[in-house]
1. Of the conditions (1) of a type outside the set (S, T, N, Q); (2) away from the ligand (no atom under 14 Å from the Cβ); (3) surrounded by fewer than 19 Cβ atoms within 10 Å (Cβ to Cβ), Asp110 satisfies every one except a single condition; which number is it?
2. Among the numbered conditions (1) within 14 Å of the ligand (Cβ to nearest atom); (2) within 24 Å of Gly174 (Cα to Cα); (3) in a loop (DSSP other than H, G, I, E, B), tell me where Pro58 comes up short.
3. Can you name the condition, by its number, that Ile142 falls short on among (1) assigned to a strand (DSSP E or B); (2) more than 7 Å from the ligand (Cβ to nearest atom); (3) under 22 Å from Ala43 (Cβ atoms)?
4. Inside the stretch 160-174, can you point out the residues that are surrounded by 15 or more Cβ atoms within 10 Å (Cβ to Cβ) and in contact (Cβ under 8 Å) with a residue 40 or more places away in the chain?
5. Out of curiosity, is Asp32 among the charged types (D, E, K, R), assigned to a loop (DSSP other than H, G, I, E, B) and in contact (Cβ under 8 Å) with a residue 40 or more places away in the chain?
6. Just to be sure, is Val127 part of a loop (DSSP other than H, G, I, E, B), more than 13 Å from the ligand (Cβ to nearest atom) and either at pLDDT 95 or above or under 16 Å from the mean Cα position of the chain (by Cα) (or both)?
7. Based on this model, can you work out whether Ala43 counts as near the ligand (Cβ under 10 Å from one of its atoms), under 11 Å from the mean Cα position of the chain (by Cα) and outside any helix (DSSP H, G or I)?
Amino acid sequence: MAGVTHSIRFKDRRAYRGSVLRLEIIRACKDDLPEILILQRLAFYRVGLRYNDPDTPPLPQTLDELVEESDGQVFLKAVQDGKIIGAIRGKDNGNSCRISKVMVHPDHQDRGIGRKLVNAIEKEFNVPMFDLRTGHLDEVTISLYKKLGYVLTGEKEQITETLWFVRMKKEMPGRGGK
Ligand SMILES: CC(C)(COP(=O)(O)OP(=O)(O)OC[C@H]1O[C@@H](n2cnc3c(N)ncnc32)[C@H](O)[C@@H]1OP(=O)(O)O)[C@@H](O)C(=O)NCCC(=O)NCCS
């Protein structure tokens, strides 16, 4: 998992209005997984509260499970001042890419980083369609993906007593596939 660097310099719109943030979005490697797991628990903490369930996925995920899951996936990390403050992953499924677990550290949310992560993962895969699943009550996530051109497919799957996953997808006409 080595390689491509997206160097991003952007103006934050709200919390640090007027300041310029230096953020790097680059591929993560296996050594980053412990830090990404901690970030995942922080970022999804509020998701657990939203569904009133401490076992809301991916909160209970262990490091071993994350390492196993990382095989065949591209992980990107957003790094600021040497710390991972965001991450996203994508998996090539042939003619499509499944995006999963976009996350931004709670102290850095609503500054445009989630959007940058989705843009960056879309550049990693030359496929005609991207899709993802997210919780039915995750309004910020659904709104973020809608703004980036994703549409709800209408498919729903019950995951826990309180959580349903809804599916979203985005067609990329003109892009390759296998
Ligand atoms: C979903 C998540 C990754 C978004 O990251 P982010 O860096 O905060 O998102 P951005 O700042 O790029 O915002 C993108 C859009 O989301 C919306 N948004 C972000 N934070 C918001 C907030 N606190 N309230 C309302 N809308 C918000 C806005 O519509 C924004 O659009 P805009 O740029 O036109 O204003 C982040 O909230 C997160 O880590 N959540 C917990 C983990 C999670 O639920 N992941 C998704 C499940 S797969």
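The values are calculated or read from the model by the stated rules, or taken from the named source; none is laboratory data. This structure is a prediction, so every number in the text was calculated from the model and none was measured. Backbone-built Cβ (ideal geometry, glycine too); neighbour counts: all protein chains shown.
1. (2)
2. Against the list (1) within 14 Å of the ligand (Cβ to nearest atom); (2) within 24 Å of Gly174 (Cα to Cα); (3) in a loop (DSSP other than H, G, I, E, B), Pro58 comes up short only on (2).
3. Evaluating Ile142 over (1) assigned to a strand (DSSP E or B); (2) more than 7 Å from the ligand (Cβ to nearest atom); (3) under 22 Å from Ala43 (Cβ atoms) leaves (1) as the failure.
4. Residues satisfying the conditions are Leu163, Lys169, Lys170, Met172.
5. In short, no.
6. Taking the combined requirement at face value, the residue satisfies it.
7. Numbers: near the ligand (Cβ under 10 Å from one of its atoms): yes; under 11 Å from the mean Cα position of the chain (by Cα): yes; outside any helix (DSSP H, G or I): no.
Criteria not met by Ala43.
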